[in-house]
Amino acid sequence: MSVRLVLSSVLAVLAFSALAASAAQAATAEGPFYKITGTRLASGKSQEVKAKMYSHNLYKFYLGDTQVAIGCSSAKFASGAKLLGSTGANSGSGEATLELSGCTTEGSNGAGCKLSSSTIKTVPLKMNPAYLNTKRTGALAVIFESARTNQELFAVTLTGNGGCVDESETPWAVAGRLLGKVEVASKLVEVGKEPAATKVLDVTFPGLNDIEKAWVEKSGALEEKSVGIISDDQSDEYSGTLELEAGAAEWGIFT
């Protein structure tokens with residue numbers, strides 16, 4: 001056998017190996033999806049999901065040069081929230097409306113600024129499990145965004161005097177996407193290291209807009225999503241933990 005023939009054979013093998021590796025990687029790009037009682041929630045199927053807040057949620061936003069913090073004592077999903085299944089290289093999704101209650105103003109400007117209502121309700125939201133990098137590694141997250149064409153999440157009306165706010169400019173619209181990291185028993189859920197299914201899954205909001213991007217799997221490709229929220233053209237802070245349950249079933253987010 002000639003040297004040229006041997007070299008050609010080696011190159012062919014290497015090329016085939018590269019293609020096989022690429023195909024294997026594509027095959028594993030299933031996207032974060034839900035498992036309910038050990039079985040992937042398939043496309044066209046849904047599962048009721050409930051959420052409640054068990055740690056104090058602090059939502060902070062800026063009105064021009066004035067900083068106002070809003071703290072809410074409880075939060076939950078409105079009835080009808082559900083997880084939506086998927087198949088193949090697509091992430092799961094979901095639908096929910098978040099209701100915050102017991103909300104009051106806090107901080108140095110809290111005394112002069114009052115909320116018109118102690119309840120804040122978001123518009124209908126889409127929720128998608130997501131990756132935090134394009135390598136599909138590390139911690140998993142969930143993105144909450146408006147199901148409408150614009151990115152407005154909710155609006156609040158503030159009243160007060162002493163320079164609290166120009167009442168002609170209210171209500172204040174809050175827009176963008178919320179992002180929370182997925183945890184089980186206070187430990188991050190990571191790609192390839194997902195814990196066994198559990199009855200309770202936590203979504204913990206980071207506090208600052210220190211994460212600017214996340215990626216959702218669609219048909220084997222990653223769709224980039226900018227995350228973070230703003231009001232009055234200023235970046236906002238939000239924190240807290242939502243405790244999610246899919247009925248009495250054990251479940252989780254897997255890849």
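Here are Thr105, Thr97, Thr122: which of them is surrounded by fewer than 19 Cβ atoms within 10 Å (Cβ to Cβ) and out of contact with any helix residue (DSSP H, G or I) (no Cβ under 7 Å at 6 or more places or on another chain)?
None of the others qualify; the one that does is Thr97.
Before we move on, is Val174 at pLDDT 95 or above and within 19 Å of Gly240 (Cβ to Cβ)?
For Val174, the condition - at pLDDT 95 or above and within 19 Å of Gly240 (Cβ to Cβ) - is not met.
The values are calculated or read from the model by the stated rules, or taken from the named source; none is laboratory data. Only a predicted model underlies this, so the values are computations on that prediction, with no experimental measurement involved. As a convention, Cβ positions derive from the backbone with ideal geometry for all residues, glycine included, and neighbour counts pool all protein chains shown.
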